[in-house]
Amino acid sequence: IVCKHCAGAEATDAEYGKVAKSWRGNLGLEKDVHFHWTIPTNVPAAKAIDVREAHFWDLRPASPALWTSLRYDVAKGNLGQVQVAIPDGIHVLGVNALVPTASDASATPTRLVIRNWNVVGKGPQRRLQVELAQPVTGVLILNLEMAPQNPLRAKQLLALPAPLQANSVTGLLGYRVD
């Protein structure tokens, strides 16, 4: 149970994974009280998803950019939505999703329809949410095109996006300076 506009301390008697029987909170001078809670349900089996990451920073002053490709290998279940942590100061310009052709490794991958994508949250909590038109089983390749929101400084930490729903099993990083 969460009170959306609690003026002070709040507490519940529930332990993690158990049902709450009571809630206490300091409401202050609130006229309206709004609560939000979830109804316990059977938790579905965990999805076994591995991801391979490849990142490329173009550090040339005239056109700084970051491209990221994430290859998701879905061993169990399917993937209908993907979430990626986006570093503060990075603007997402474009997103596309592909599925490799199973019969011919040299064939061009099939482009998937993305129903919606947007960046939510602020600061270190920013994340890209990508909703696919249809869930994917097997392999999904997610390509991101990004750019820094401000000009790069001579000494700057070059943060990278990070997949949130999968186990990162390998990664590559490349960069161009001139």
**Request:** Over region 116-178, give the accessible area per residue in Å² for a 1.4 Å probe, as an integer.
**Result:** 67
**Request:** Rank-order 141-154, 111-124 by packing density, defined as the average count of other C-beta atoms within 10 Å over each peptide's residues, highest first.
**Result:** 141-154, 111-124
**Request:** Report ³J(HN,Hα) in whole Hz for each residue of region 75-85, in order, from the Karplus equation J = 6.51 cos²θ - 1.76 cosθ + 1.60 where θ = phi - 60°; Gly and Pro get x.
**Result:** 7, 10, x, 9, 10, x, 9, 10, 10, 10, 5
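Suppose a student asked you for the relative contact order of region 44-140, using Cα pairs under 8 Å spaced at least 6 residues apart; what percent would you report? Spell out each step's value before the answer.
Details: 168 pairs, mean separation 29.1, N = 97.
The normalised contact order for region 44-140 reaches 30 percent.
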**Request:** Give the long-range amide H neighbours of GLN165: residues separated by 5 or more places, or on another chain, with amide H under 5 Å away, using H modelled in the peptide plane at 1.01 Å from N.
**Result:** GLN83
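The values are calculated or read from the model by the stated rules, or taken from the named source; none is laboratory data. Model, not experiment: these values are computed from the prediction. As a convention, Cβ positions derive from the backbone with ideal geometry for all residues, glycine included, and neighbour counts pool all protein chains shown. Quick note on the areas: whole protein, heavy atoms, side chains included, nothing else; ligands and nucleic acids left out. Shrake-Rupley method; radii C 1.70, N 1.55, O 1.52, S 1.80 Å.
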